[in-house]
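The structure appears right after this line, and notes come after that.
The values are calculated or read from the model by the stated rules, or taken from the named source; none is laboratory data. As the structure is a computational prediction, the values presented were derived from the model and not from experiment. Positions of Cβ are generated from backbone atoms using ideal geometry, with glycine treated the same way; all protein chains shown enter the neighbour counts. Quick note on the areas: whole protein, heavy atoms, side chains included, nothing else; ligands and nucleic acids left out. Shrake-Rupley method; radii C 1.70, N 1.55, O 1.52, S 1.80 Å.
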Amino acid sequence: QVQLVESGGGLVQAGGSLKLSCVVSGSIFSINAMGWYRQAPGKQRELVARCTSGGCTNYVDFVKGRFAISRDNAKNTVYLQMNSLKPEDTAVYYCNAEVKVRPLLKYSELWGQGTLVTVSS
């Protein structure tokens, strides 16, 4: 069974840093895009940053210059380095990946279980 396993969330003070990791576990053929989304209390889930075959891009203006997404294809892993964290960054962070388990199948979109990031003021 293919799963996305996230780690790295927790409680941090404002100005601190955290690094999230997400590994695709299980038997797969290939991975297309990988990325991170977040959902703050009472808000909709939003895209934070995403890596495709063309590269990695931060999408949310609010995190530009503070967050950096990277991907290790050999390890089927995507990371999100979060620096200069603010209370407004408090949210559940979800990993997302487009995975193909066999050559002739289409890519399927998978989600991780989410990891909570809490930034105290």
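With modelled with pLDDT under 95 and in contact with a strand residue (DSSP E or B) (Cβ under 6 Å, 6 or more places away or on another chain) as the only criterion, which of Thr52, Thr77 stands out? Steps first, please.
Details: Thr77 fails: modelled with pLDDT under 95.
None of the other options fit; the residue is Thr52.
What are the residues in region 1-33 that are farther than 11 Å from Gly112 by Cβ and either assigned to a strand (DSSP E or B) or basic (Lys, Arg) (or both), if any?
Selection gives Gly10, Leu11, Val12, Gln13, Leu18, Lys19, Ser30, Ile31, Asn32, Ala33.
How do the strands (runs of 3 or more DSSP E) wholly within region 34-108 filter down when requiring 1 or more residues that are touching a residue at least 40 places away in the same chain (Cβ under 8 Å): which remain? Walk me through it before giving the result.
On the way: elements: 46-52, 55-58, 67-72, 77-82, 91-100.
So the answer is 46-52, 77-82, 91-100.
Looking at (1) free of Cβ contacts under 8 Å to residues at least 24 places away in the same chain; (2) part of a loop (DSSP other than H, G, I, E, B), which is the one condition that is false for Gln113?
Failed condition: (1).
Can you pull out every residue in region 78-90 that is open to solvent by less than 10 Å² (accessible area, probe 1.4 Å) and in contact with an Asp or Glu (Cβ under 9 Å, 6 or more places away or on another chain)? First the steps, then the outcome.
First pass over region 78-90, keeping only residues open to solvent by less than 10 Å² (accessible area, probe 1.4 Å): 78, 80, 82, 85, 89.
Of everything in region 78-90, those that are open to solvent by less than 10 Å² (accessible area, probe 1.4 Å) and in contact with an Asp or Glu (Cβ under 9 Å, 6 or more places away or on another chain) turn out to be Val78, Met82.
In region 21-50, how many are within 13 Å of Ala91 (Cα to Cα) and not charged (D, E, K, R)? Before the answer, list the steps.
Narrowing region 21-50 to residues within 13 Å of Ala91 (Cα to Cα): 36-48.
Retained after the next criterion (residues that are not charged (D, E, K, R)): 36-37, 39-42, 44, 47-48.
Matching residues across region 21-50 total 9.
In this structure, is Glu46 within 18 Å of Ser27 (Cα to Cα), surrounded by fewer than 19 Cβ atoms within 10 Å (Cβ to Cβ) and among the charged types (D, E, K, R)? Spell out how you get there, then give the answer.
Details: within 18 Å of Ser27 (Cα to Cα): no; surrounded by fewer than 19 Cβ atoms within 10 Å (Cβ to Cβ): yes; among the charged types (D, E, K, R): yes.
Taking the combined requirement at face value, the residue does not satisfy it.
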